[in-house]
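Below is one structure, written out as structure tokens; comments come after it.
The values are calculated or read from the model by the stated rules, or taken from the named source; none is laboratory data. Predicted, not measured: the structure shown is a model, and the values here were computed from it. Glycine also receives a Cβ, built like all others from the backbone with ideal geometry; neighbour counts cover every protein chain displayed.
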Amino acid sequence: MGSARMNKKSAEKYAILFDMTRSERIGNLIGVAAPFVGVIAAVVLLWNRAVDGTDLAILAVMYLLTAASITVGFHRLLTHRAFQTYSWLEQAFAVGGSLAVQGSVIDWVADHRKHHAHTDKEGDPHSPHVGHGSGLRGLWHAHTGWLLETQGQADWKRYAGELYENPRMRRIGRLFPLLALLSLLVPTLAGFVLHGFTPEGALRGLVWGGLVRIFFVHHVTWSVNSICHFFGRRRFDLEDHSTNVAWLSLLSLGESWHHNHHAFPRSAYHGLRPWEIDLSGLFISGLEQVGLAWDVVRIAPERQRQKLTERQRQKLSLSART
Ligand SMILES: [Zn+2]
Ligand SMILES: [Zn+2]
């Protein structure tokens, strides 16, 4: 009985880890981590020959700009309306998010709303548990494979009607191929100028600020789709497999508190506890402070408590008594 209770407890904590063998688990952790280790190794090996502080600074600025436009703009603002803002700022986010090269704004929003409508069930465009089993193939499908499939793309009118009706958003959507090119051109130009107007500088800007940065933003966003429905902790009573993954929280700008997000999709904050670092949430608070965001959606502690699992609620009342 003890072990049954233990299994249940762990299953709740680590989502569906029990469906995989140990070697499968190790295999896919290596698969996700290897590209990152590879890039870090490349930086160390090529230091001062093909990469330096300037290149990494361009990479960091481009990363923050495009990743935040996805997390704050595409996701919390345009998909979930977690706050209100001026239409010029909505359009700026739509342009900035397009520079992350994850598809046009209307496609992104429609696919993500479909994910929330059918989380981890038939119809979810990128669940690691639907259509491809709950093993490695499922994880691959959620991470990247779904982007290569022609079926499963969400209907614009059904899932992103208000963006589809907005001529400016439609125009930004149509400009996506051009914006993707711009996403490479900007760091190329920055490299050219900052490295003393040299062709080599332009090439370094293109590689580190363009290609490597796009690779990083892609993998971190996809990791929220795959890892955050696979490994990690849970505390709310939800029927899906969503999880909170602390070690991804900094790089994902707070998006890896994904279980919290599925519990309260409209919340502007995905980190709900003081130690759940959520840079995108902080950014929204900053916008609110300077008058660029209003009607920011916050979830009262009482509502959060009501959604906790029975076990978590017991734990809470136990610690309150001691
Ligand atoms: Zn999800
Ligand atoms: Zn969402």
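Points to keep in mind about this one:
- Entirely in region 189-274, the helices (runs of 4 or more DSSP H) that have 2 or more residues that are more than 13 Å from ligand 1 (Cβ to nearest atom): 199-204, 213-226
- Of everything listed in (1) within 16 Å of ligand 2 (Cβ to nearest atom); (2) surrounded by fewer than 22 Cβ atoms within 10 Å (Cβ to Cβ), the single unmet condition for L250 is (1).
- Against the conditions (1) at pLDDT 70 or above; (2) exposed (fewer than 15 other Cβ atoms within 10 Å of the Cβ); (3) not polar (S, T, N, Q), A154 satisfies every one except (2).
- Being within 16 Å of ligand 2 (Cβ to nearest atom) and not aromatic (F, W, Y) is a description that applies to R76.
- Filter pass, L56 being over 18 Å from the mean Cα position of the chain (by Cα), aliphatic (A, V, I, L, M) and at pLDDT 90 or above: yes
- Positions within region 87-127 being out of contact with any helix residue (DSSP H, G or I) (no Cβ under 9 Å at 6 or more places or on another chain), modelled with pLDDT of 90 or more and either within 14 Å of ligand 2 (Cβ to nearest atom) or not hydrophobic (A, V, I, L, M, F, W, C) (or both), in sequence order: none
- Checking the stated criteria, V220 turns out to be within 19 Å of the chain's Cα centre (by Cα) and within 16 Å of ligand 2 (Cβ to nearest atom).
- Those helices (runs of 4 or more DSSP H) lying entirely in region 40-140 with at least 2 residues more than 16 Å from ligand 1 (Cβ to nearest atom) and crowded, with 19+ Cβ neighbours inside 10 Å: 53-68, 87-98, 105-117
Results for (1) surrounded by 21 or more Cβ atoms within 10 Å (Cβ to Cβ); (2) not aliphatic (A, V, I, L, M), shown as yes or no for each residue.
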position: Y164; (1), (2): no, yes
position: L189; (1), (2): no, no
position: R204; (1), (2): yes, yes
position: F215; (1), (2): no, yes
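- Count of residues meeting criterion [farther than 23 Å from Q84 by Cα and outside any helix (DSSP H, G or I)] in region 275-322: 6
- E276 within 20 Å of the chain's Cα centre (by Cα) and touching a residue at least 24 places away in the same chain (Cβ under 8 Å): yes
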